[in-house]
Amino acid sequence: MNRISGKVVVITGASSGLGEATAIHLAAQGATMVVAARRKDRLDALVRKIVGDGGTALALQADVTKRQEVEAMIAQAVRQFGKIDVLVNNAGLMAIAPLSAVKVDEWERMIDINVKGVLYGIAATLPLFEKQQFGHYITISSIAGKKVFSPGGTVYSGTKFAVSAIAEGLRHEVGGKIRTTTIAPGLIDTELKQGSSHAESLQAVGELYQSQAISADAIARAIAYAIEQPSDVDVSEIVIRPTVQEF
């Protein structure tokens, strides 16, 4: 039985990486995809691919750091399709640099995207999910949200520890009608590795990913697994890393 077909799934950060791979994977299983990000041209290309393969998709430009844009995105999705079954809070930034580099602007940007962006998504959808009496939050954390990645990733880890805590608190608060899943990826081959302006860290991260990273499809399959479970099954957390990854 295909429990994904017919579901309306909203994905933030869908213009590349995990979001793009997940949208393609779920659309192939019959989900209606609402793909959101800042880069509308990339979203439009993704929608053309999904529709060309026989799926249904809508591209909505939205910056998750702007609450009004997140609210407008959710409202448009509901107007278009009448409901939302799943929100994948995927948009993220990983700006690796030692604390001594004092990249305060990047710290703030990570907090705005990784933490506040998730909260804005929850705020925009929770009243809807409560009214519907169903819904599923899938939050992309990180292996760095389970173990501090330092030196270099201290602030990034802080944002992902926060995301994991928020997702767990959400699970406890929403009760039995709304499901929550936290995905904690390890080294996955996406644009995430390019987020730092610190040259030495950028090079080190690039080399690490080049030698160990696995395909974004691994995360897409994990998200599909969580969605396709019966409504009384809550897949609370999935940790996925390359077999060769030690961290």
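Of note:
- Residues being among the hydroxyl-bearing types (Ser, Thr, Tyr), assigned to a helix (DSSP H, G or I) and either in contact with a Pro (Cβ under 9 Å, 6 or more places away or on another chain) or open to solvent by less than 60 Å² (accessible area, probe 1.4 Å) (or both) are represented in segment 100-109 by at least one member.
- Pairing residues of segment 1-29 that are over 15 Å from Gln229 (Cβ atoms) with residues that are open to solvent by less than 20 Å² (accessible area, probe 1.4 Å) and of a type in the set (Lys, Arg), at Cβ distances under 7 Å and at least 6 apart in sequence or on separate chains, gives no pairs at all.
- Boolean, Ile50 is modelled with pLDDT of 95 or more, β-branched (Val, Ile, Thr) and over 30 Å from Ser197 (Cα atoms): yes
- Test: residue in segment 117-138 that is within 18 Å of the chain's Cα centre (by Cα), part of a loop (DSSP other than H, G, I, E, B) and surrounded by fewer than 21 Cβ atoms within 10 Å (Cβ to Cβ): no
- Whichever residue in segment 32-88 is touching a residue at least 60 places away in the same chain (Cβ under 8 Å) and open to solvent by less than 50 Å² (accessible area, probe 1.4 Å) and, among such residues, is nearest to the chain's Cα centre (by Cα): Val88
- Residues of segment 166-180 that are open to solvent by 30 Å² or more (accessible area, probe 1.4 Å), part of a helix (DSSP H, G or I) and touching a Phe, Trp or Tyr at 6+ places or on another chain (Cβ under 7 Å): none at all.
- Residues that are small (Gly, Ala, Ser), closer than 11 Å to Thr56 by Cα and open to solvent by 10 Å² or more (accessible area, probe 1.4 Å), drawn from segment 6-26: Gly6
- Neighbours by Cβ (under 7 Å, 6+ apart or cross-chain): first from segment 145-165, under 17 Å from Val239 (Cα atoms) and assigned to a loop (DSSP other than H, G, I, E, B); second among the small types (Gly, Ala, Ser) and open to solvent by less than 30 Å² (accessible area, probe 1.4 Å): Lys146/Ala184; Val148/Ser157; Phe149/Ser157
- Scanning segment 203-247 for residues that are open to solvent by 40 Å² or more (accessible area, probe 1.4 Å) and of a type in the set (Phe, Trp, Tyr) yields Tyr225, Phe247.
- Among the residues of this structure, Gln245 does not count as one that is more than 25 Å from Gly82 (Cα to Cα) and part of a helix (DSSP H, G or I).
The values are calculated or read from the model by the stated rules, or taken from the named source; none is laboratory data. Quick caveat, the model's predicted, so the values are computed rather than measured. Note: ideal-geometry Cβ built from the backbone for every residue, glycine included; neighbour counts use all protein chains shown. Remember, those area values only see protein heavy atoms, side chains included, never the ligands or the DNA or RNA. Shrake-Rupley method; radii C 1.70, N 1.55, O 1.52, S 1.80 Å.
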